[in-house]
Structure formats: structure tokens, C-alpha cells
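Enquirer: First the structure, then my questions, so here it is.
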Amino acid sequence: MNVYDGELVTGLLLSDGFGITQEAEDADVILINTCSVRDHAEQRALGRLRSLGALKRKQPHLVLGVLGCMAERMQETILKTAPDVDLIAGPDSYRQLPEIIRKHLNGSFGKFSIVPGDAGEDFTDIMPSRGNGINAYMAIMRGCNNYCSYCIVPHVRGRERSRHPDDIIIEIERSVEEGFPEVTLLGQNVNSYKWSDLGFHELLDRVSRVSGLKRIRFLTSHPRDLSEELIERMVMGGNICPSLHLPVQAGSDRILKLMKRRYTRSEYVSKIHKLREAVPDIAITTDLLCGFPGETENDFQQTLDLIGEVRFDDAFTFKYSPRPGTAAAAMEDDVPEAEKVERLERMIALCRKYSDNSRKEMIGREVEVLMESVSPKNASEWTGRTGCGRVTLVPGAYKQGQLVRLKVEKVLGFSLWGNPVLTV
Ligand code: SAH
Ligand code: SF4
């Protein structure tokens with residue numbers, strides 16, 4: 001979502017006459033987009049701001065701005081840590097950026113400004129600037145209503161609002177014209193997309209009919225809201241990729257309840273069974289969170305047990321970090337840091353075993369790969385991705401965006417390797 005927001009702000013500024021520099025030293029304006037999901041991300045952004053502060057002291061005309069979720073929630077900390085910052089703009093305020101930056105540039109503003117957000121903003125009429133590539137990220141909604149107890153997103157990104165389907169289709173058609181063969185539809189909970197009577201699976205139907213669009217991905221799906229209709233759409237296949245990111249977070253019902261995830265482990269597992277029955281080739285990935293307040297070794301064992309039961313194709317693993325203002329922040333953060341780290345390592349090792357297995361199981365199978373670029377490691381090979389999202393190396397020279405059918409012959413690290421059988 002932050003990549004997309006960065007492209008949105010770039011689009012907004014380019015259409016207002018700004019240009020892009022390659023080096024920070026050449027810029028008149030530097031904007032840092034930030035994430036608040038975990039403390040670690042915030043600390044890194046603050047570190048970056050401190051070093052850009054040093055640049056600004058050398059080049060006082062530079063306008064330094066902070067965008068995104070941190071800008072929404074920690075204005076005072078930013079100013080204390082990085083007093084050289086000129087403007088702070090949260091995720092709903094970008095429309096005003098060109099005007100405010102110009103005021104800073106021509107000195108008609110005081111030292112510093114906080115740009116007020118517009119609740120309900122969806123930026124639907126603004127075209128992001130994506131450069132070129134294979135995959136175009138595309139927000140179909142913003143905000144979140146779920147209030148999972150550990151999560152800061154609803155607090156900093158506001159209530160859930162969906163974009164008009166016509167605007168989404170126009171943006172996708174334009175990205176296809178610009179040369180992007182693939183789109184990833186983005187939302188914190190895409191399954192709750194709603195515009196009048198149109199739900200997410202109906203939006204997918206419309207998107208799948210966009211001429212020239214070769215692949216559609218979407219994230220994130222919430223396990224509670226994943227519908228039968230969506231599973232049916234995935235069965236139909238076509239340009240809808242057989243891959244699904246379905247964050248489970250934990251394997252213990254007690255912890256899932258404390259997290260306010262509103263599904264049980266067995267409900268989650270039965271959805272996985274349905275998905276795999278319906279779409280046998282599907283790749284299922286997840287997010288896992290360990291060290292939540294009150295998580296005992298027994299609770300954690302249930303997460304490991306669930307990983308073994310589902311055998312995820314890949315997983316993003318995190319250790320809990322309390323986020324001020326969330327419901328969980330009021331609970332005692334009682335799993336010691338060393339224990340959190342140890343649990344994280346155990347989780348990573350187990351997930352790695354299943355993701356390695358899942359790649360090995362591809363050997364001997366035919367897959368279709370969408371070509372991206374010459375392999376950075378070997379100029380005689382190209383790299384691309386399968387419909388399931390697996391990175392694949394192929395000997396020979398291809399065109400960016402070309403679909404190549406190949407037989408997987410081996411696994412090289414995190415990549416598959418295969419020879420073409422038929423070029424489509
Ligand atoms: N809307 C998506 C993603 C939310 S943020 C979803 O519902 O899954 C991405 C991931 O960050 C979450 O799935 C969760 O695993 C992790 N995360 C969120 N808050 C966190 C916190 N306080 N500490 C550690 N990880 C967190
Ligand atoms: Fe956060 Fe839960 Fe919303 Fe995902 S669904 S963004 S984890 S509150």
C-alpha cells in the first residue's frame with residue numbers, strides 16, 4: 001500500500017510540474033513515506049530523517065517532509081527527533097501537497113506545517129506514476145474497520161472506504177496501455193470491498209475482462225470474509241492468479257480471540273481445505289505473529305502445529321510489537337523479548353521447511369512464467385514469475401511481459417529453474 005501511495009504522490013507532483021531527481025543531494029524537496037505497523041519500521045524512518053536532517057543543514061533551501069502513517073500518529077516525536085522537518089502529511093492529506101510544498105519553496109510559509117487530512121479521501125481521480133515494469137499496484141479501497149487488537153492501521157488510516165469501480169477500471173486500462181500486464185488489487189481487507197451492490201468477486205469479474213490484462217493478484221484477504229463466490233471466481237482461473245495471501249496470525253483460539261480476529265482455527269483450516277479442493281494448484285501464503293500478550297508456550301505450539309497442518313507456500317513472520325492506542329497496548333506485554341525472538345526463529349525455520357518443500361514439489365511440472373527482466377546474476381537467463389508468484393529463471397532472451405510455458409527442472413535457492421516448452 002505504501003508503494004502505491006508513493007506512486008500516487010509522485011503522480012500528483014509530476015502533474016503539478018515537479019520532476020524527479022536520482023540523487024538526494026540534487027533535490028529541492030524530499031518526502032519520506034512511513035509505516036507504523038511495527039516499532040522497527042518507525043525507528044528506521046526516524047534514523048533516515050536524522051540523516052536527511054544533516055543534509056538539510058548543508059542545503060537549507062531543501063524542503064523535508066514526512067508522509068504516511070507515522071506522520072498521522074507521532075508528529076511531536078518526529079519534530080523532537082528531526083527538528084529539520086518542514087512538513088508532516090498523513091495518508092489522507094496528499095491532495096494539498098503541491099500547494100503546500102510550493103509555499104515552503106517560496107518561503108511564504110513559517111518554519112513548519114502539519115497538513116490536515118480529509119477523512120474519507122480516496123484519491124480516486126489521481127493517476128499514480130508507476131514508471132515501468134510488470135506489476136501495477138492499485139488500491140481499490142483505503143482504511144480498515146476491523147480493529148484487530150494489535151493493529152494500528154485503523155487508527156492511522158481511518159474508516160474503510162471503497163473506490164468507485166469505474167475509476168478502478170479506468171486506472172487499470174491505463175496501466176495496461178502503459179505496458180503493465182499485471183495488476184495487484186490492494187486493500188487491508190479486499191473481501192469487504194463494496195460499491196452499492198457490487199462486491200469484491202463482482203469487481204474481480206469486471207477487472208478480469210479488461211482487455212490485455214494478463215494477470216490479476218489481490219491482497220489482503222481476511223479469513224472471516226473470504227466468500228464462496230470468491231473461491232468460485234478463483235476456480236474459473238483465466239487471468240486471476242491461483243495464489244492467495246490469507247493471514248492467520250496465530251494457531252490458538254484463545255489468542256485469536258484476544259487478537260479480535262473473529263475466526264477460529266478450525267474455521268480457517270476448513271477454508272484452506274475448500275480452497276485447495278477447488279483450486280488444486282493454488283499457492284497459499286500467510287502472516288504469522290508470535291509473542292502476543294499472554295501467549296504461552298502451549299499457545300505458540302498451536303501456531304507451529306497449524307503451520308504443519310496447512311503447510312503454507314510462504315509466510316511473513318513477525319514478533320509482536322505494542323502499538324500505542326491499540327486495544328492490545330493496554331494488555332501486559334508479558335512475553336520477554338528473548339522469548340519472542342526465539343519463537344520467531346522457530347516459526348521462521350518451520351515455515352522455511354514448508355516453503356522449500358513447496359518449491360521442490362514444482363519440479364517436473366509445467367508452469368507459465370510472465371517474463372520480467374534479464375536475471376541480475378546471469379545475463380544468459382531471464383527471470384519472471386509463475387501465476388503462483390514463484391520467481392523462476394529461464395535460459396534464453398525474452399521480452400518483458402511475454403508469457404513463456406516451461407517445465408521446472410530444478411530449484412536454485414528461492415527460485416525455480418526450467419526450460420521453455422512452448423512460447424505463448
Ligand atoms: N490488513 C492486513 C495486513 C495488516 S499489517 C491483514 O489483515 O492481514 C501486516 C501484518 O503486520 C499483519 O498481518 C500482522 O501479522 C503484522 N502486524 C500488525 N500489527 C503488528 C504489531 N503490532 N506487531 C507485530 N506485527 C504486526
Ligand atoms: Fe489491521 Fe486487522 Fe485491519 Fe488487517 S484487518 S489492517 S490486521 S485491523
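Enquirer: Grab the strands (runs of 3 or more DSSP E) fully contained in segment 294-406, keeping just those with 1 or more residues being touching a residue at least 40 places away in the same chain (Cβ under 8 Å) and over 24 Å from the mean Cα position of the chain (by Cα). Working first, answer last.
Expert: Values: elements: 314-319, 366-374, 381-386, 391-395.
So the answer is 366-374.
Enquirer: Among the residues of segment 230-260, which ones are open to solvent by 70 Å² or more (accessible area, probe 1.4 Å) and more than 22 Å from the chain's Cα centre (by Cα)? Walk me through how you get there before you give the answer.
Expert: Taking segment 230-260 first, the residues open to solvent by 70 Å² or more (accessible area, probe 1.4 Å) are 232, 235-236, 238, 253-254, 257, 260.
Matches in segment 230-260: Glu232, Val235, Met236, Gly238, Asp253, Arg254, Lys257.
Enquirer: For segment 292-319, what are the residues that are crowded, with 22+ Cβ neighbours inside 10 Å and either within 8 Å of ligand 1 (Cβ to nearest atom) or closer than 29 Å to Thr77 by Cα (or both)?
Expert: Answer for segment 292-319, where residues must be crowded, with 22+ Cβ neighbours inside 10 Å and either within 8 Å of ligand 1 (Cβ to nearest atom) or closer than 29 Å to Thr77 by Cα (or both): just Phe292.
Enquirer: Within segment 157-166, count every residue that is assigned to a helix (DSSP H, G or I) and within 12 Å of ligand 2 (Cβ to nearest atom).
Expert: Selection size over segment 157-166: 1.
Enquirer: Please verify whether His155 is over 20 Å from the mean Cα position of the chain (by Cα) and not hydrophobic (A, V, I, L, M, F, W, C), treating the condition exactly as stated.
Expert: Values: over 20 Å from the mean Cα position of the chain (by Cα): no; not hydrophobic (A, V, I, L, M, F, W, C): yes.
Here the answer is no, as His155 does not meet what is asked.
Enquirer: Assess whether Leu213 counts as being part of a loop (DSSP other than H, G, I, E, B), more than 16 Å from ligand 1 (Cβ to nearest atom), surrounded by 18 or more Cβ atoms within 10 Å (Cβ to Cβ) and not aromatic (Phe, Trp, Tyr).
Expert: yes
Enquirer: Being part of a loop (DSSP other than H, G, I, E, B) and within 30 Å of Asp333 (Cβ to Cβ), is that true of even one residue in segment 128-144?
Expert: Yes - at least one qualifying residue is present in segment 128-144.
Enquirer: Just one of Ser196, Ser227 is among the small types (Gly, Ala, Ser), touching a residue at least 24 places away in the same chain (Cβ under 8 Å) and either surrounded by fewer than 16 Cβ atoms within 10 Å (Cβ to Cβ) or touching a strand residue (DSSP E or B) at 6+ places or on another chain (Cβ under 8 Å) (or both); which is it?
Expert: Selected residue: Ser227, the only one of Ser196, Ser227 that is among the small types (Gly, Ala, Ser), touching a residue at least 24 places away in the same chain (Cβ under 8 Å) and either surrounded by fewer than 16 Cβ atoms within 10 Å (Cβ to Cβ) or touching a strand residue (DSSP E or B) at 6+ places or on another chain (Cβ under 8 Å) (or both).
Enquirer: Out of segment 167-208, which residues are assigned to a strand (DSSP E or B) and away from ligand 2 (no atom under 16 Å from the Cβ)?
Expert: Glu182, Val183, Thr184, Trp195, Leu198, Gly199
Enquirer: Select from segment 392-420 the residues that are closer than 27 Å to Val176 by Cα and β-branched (Val, Ile, Thr) and list them in ascending order.
Expert: Listed by number, the residues that qualify are Thr392, Val394, Val404.
Enquirer: Ok, one more. Among the numbered conditions (1) open to solvent by less than 20 Å² (accessible area, probe 1.4 Å); (2) at pLDDT below 95, tell me where Met371 comes up short.
Expert: So Met371 meets the others, but not (2).
Enquirer: Shifting gears a bit: Where residues in segment 235-254 are at pLDDT 95 or above and of a type in the set (A, V, I, L, M), which of them is farthest from Gly187 (Cα to Cα)? Please lay out each step first, then the result.
Expert: Of all residues in segment 235-254, those at pLDDT 95 or above come to 239-254.
Next cut, of a type in the set (A, V, I, L, M) only: 240, 244, 246, 248, 250.
Numbers: Ile240: 17, Leu244: 14, Leu246: 13, Val248: 17, Ala250: 21 Å.
Checked segment 235-254; the qualifying residue farthest from Gly187 (Cα to Cα) is Ala250.
The values are calculated or read from the model by the stated rules, or taken from the named source; none is laboratory data. Since we're looking at a predicted model, the values are computed, not measured. Cβ sites come from the backbone with ideal geometry, for glycine too, and all protein chains shown count toward neighbours. Accessible surface is based on the protein model in full, side chains and every heavy atom, while ligands, DNA and RNA are left aside. Shrake-Rupley method; radii C 1.70, N 1.55, O 1.52, S 1.80 Å.
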